[in-house]
Amino acid sequence: MIREIVVYPDSRLKQVSAEVKEFGDDLALLLDDMYETMISKNGIGLAAIQVGVPLRALIINLPDEEGNQSKEGLIEAVNPVIVEKRGVTVYTEGCLSVPEYYDEVERAEWIKVEFFDREGNRRTIETDGLLAVAFQHEIDHLDGRLFIEKLSFLKRKKFEKEWRKRRKERLKKRGGK
Ligand code: QAP
Ligand code: CO
């Protein structure tokens, strides 16, 4: 089932999500719904809080070399922890909870992440590039942080200005002429 995406500035996005304690049907349903929801919105990553569920679960599904996004490449990470990180990289990020805004964010270049899969099996991934960026972006959601909070001061100002302008335009449209 496709669920509704929680959009900035909804306060739920600031919540620190709780650890998953039970690996069962409820978790499986949540992860399935998150996948369906993410794909329907053309996303490549999603955290549970983005569908309003404050649990430490995230999914990432990057396109392959040919640009195809297939479910084979899906990563489901429950209770993920970054245990090592190195270097600095800059990537232009977006977020389904901050629609139609993209800007450059600094992250670690390489990370080692430990997590559990949906069955409760332990997993470890060492990665760099887009996957490392995606993990850091999604794990930030679990701690109530959005990528716009990591922007430089000037870029944050630019974001606030654009968001205010958009809000005004939405109100104008709804008010009727
Ligand atoms: C997080 O982001 C991420 O504004 C996932 O109109 C960000 O899936 C991973 C999206 C950067 C790696 C690098 C955003 C779709 C999707 C939008 C997303 C939009 C439609 C964002
Ligand atoms: Co996001």
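The values are calculated or read from the model by the stated rules, or taken from the named source; none is laboratory data. Everything numeric here is computed off the predicted structure, so don't read it as measured data. Note that we place each Cβ from the backbone using ideal geometry, even for glycine, and neighbour counts take in every protein chain shown. Accessible surface areas use protein heavy atoms only, side chains included; no ligands, DNA or RNA. Shrake-Rupley method; radii C 1.70, N 1.55, O 1.52, S 1.80 Å.
Ligands, DNA and RNA excluded, the heavy atoms of residue 16 present near 100 Å² of accessible surface to a 1.4 Å solvent probe. Distance between the pseudo-spin-label points of residue 82 and residue 18 (7 Å out from Cα toward the beta carbon): 2.6 nm. With 26 Å as the limit, the listed pairs 112/150; 14/158; 85/150; 14/168; 85/165 have 85/165 beyond it between alpha carbons.
Taking 111, 59, 82 in turn, the Gaussian network model of the chain (Cα-Cα springs below 10 Å) assigns the largest fluctuation to 82. Would you give the gap between the C-alpha center of region 1-28 and the C-alpha center of region 143-169, rounded to a whole Å? Computed from Cα coordinates, the inter-centre distance equals 23 Å. Compared with the dominant Cα axis of the chain, that is its longest principal axis, helix 25-40 is turned about 50°.
Taking all Cα pairs closer than 8 Å and separated by 6 or more residues, the relative contact order of the chain comes to 21 percent. What angle, in degrees between 0 and 90 and rounded to the nearest 10, separates the Cα long axis of helix 153-175 from the longest principal axis of the Cα atoms of the chain? Rounded to the nearest ten degrees, it is 60.
Surface composition of the chain: carbon plus sulfur atoms contribute 48% of the solvent-accessible area (1.4 Å probe, protein chains only, all chains present). Going by alpha carbons, how many degrees (0 to 90, nearest 10) lie between the helix axis of 129-142 and the longest principal axis of the chain? Result, in degrees: 80.
Could you tell me the ratio Rg/Rh of the chain? Both radii from Cα atoms, Rh via Kirkwood. Checking Rg against Rh, the ratio lands at 0.98.
In region 6-106, what trypsin sites (Lys or Arg not before Pro) fall in a loop by DSSP, with at most 14 other Cβ atoms inside 10 Å? Walk me through the numbers before you get to the answer.
Details: sites: 12, 14, 21, 41, 56, 71, 85, 86; in loops: 21, 41, 56.
Sparse-neighbourhood loop trypsin sites (Lys or Arg not before Pro): 21, 41.
Using the 1.4 Å probe convention, the accessible area of the chain works out to 60 Å² per residue with neighbouring protein chains retained.
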